[in-house]
Amino acid sequence: MKMNLVWKLSWRRTWFEWEKPMLEDFHIQVAQSVIHKDKQDVWVWKDDKSGCYDVNSAYTKLNNDILREEWEEYTKLWNTKALPTAQICVWRALQDRLTTYENLQNRGILVNNGICVFCSIQVETNNHLFLNCVVVARIWKLCDKWAGIQFVNHSMIK
């Protein structure tokens, strides 16, 4: 006999944008769970053969998941000859952790209007700052020229 249960979960705070995919994954996992009325609940740690949790297996799982997904891009980043501050800035941009207006608003920090301080056209996001802002694009072009790099920006092609 299949029981139709509805989960009614409430949270103490609103979710940050970066947490929402995890929440969706949680809901999917809960929806796929089967509840047996005649069986006792037990904890099973799926990432260890014994089914028992230990810190070492959790550490290994977390590192393997992160390394599998991001190893190549971060290896290239940390092996560049750029200044550490530049490397950290790029790393934070890849993680969407720069203090842009959008990220500050998502964290509940009040900001004026959220419009880019350089161009005053669009909301300040990572993508806008690094790819779409017309003012910053001119700065990148000067940096490229100074470094002797020939680069075609897709947004400048007409």
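At-a-glance table
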| item | result |
| --- | --- |
| So Asn64, is it over 30 Å from Trp91 (Cα atoms), polar (S, T, N, Q) and modelled with pLDDT under 80 | no |
| Residue match in the stretch 99-106 (condition: touching a residue at least 40 places away in the same chain (Cβ under 8 Å) and closer than 30 Å to Trp7 by Cα) | yes |
| Condition check for Ala58: within 30 Å of Asn127 (Cα to Cα), modelled with pLDDT of 80 or more and surrounded by 12 or more Cβ atoms within 10 Å (Cβ to Cβ) | no |
| Candidate set: the stretch 107-127, residues that are under 18 Å from Trp18 (Cα atoms) and crowded, with 16+ Cβ neighbours inside 10 Å; chosen: the one nearest to the chain's Cα centre (by Cα) | Asn126 |
| Candidates Ser50, Ser57, Ser10 - the one that is in a helix (DSSP H, G or I) and more than 23 Å from the chain's Cα centre (by Cα) | Ser57 |
| Hey, Glu102 at pLDDT below 85, within 18 Å of the chain's Cα centre (by Cα) and not in a loop (DSSP other than H, G, I, E, B) or not | no |
| Yes/no for Phe26 being out of contact with any Lys or Arg (no Cβ under 6 Å at 6 or more places or on another chain) and either of a type in the set (Gly, Ala, Ser) or under 22 Å from His128 (Cβ atoms) (or both) | no |
| Per-region count, the stretch 29-47, residues assigned to a helix (DSSP H, G or I) and surrounded by 10 or more Cβ atoms within 10 Å (Cβ to Cβ) | 1 |
| Residues located in the stretch 84-139, provided they are more than 25 Å from Tyr74 (Cα to Cα) and of a type in the set (D, E, K, R) | Arg107, Arg138 |
| The stretch 108-154 - residue that is part of a loop (DSSP other than H, G, I, E, B) and among the aromatic types (Phe, Trp, Tyr) and, of those, modelled with the lowest pLDDT | Phe151 |
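The values are calculated or read from the model by the stated rules, or taken from the named source; none is laboratory data. Bear in mind the structure is a predicted one, so any value in this text is a computation, not a measurement. Methodologically, a virtual Cβ is constructed for each residue, glycine included, from the backbone with ideal geometry; neighbour enumeration extends over all protein chains shown.
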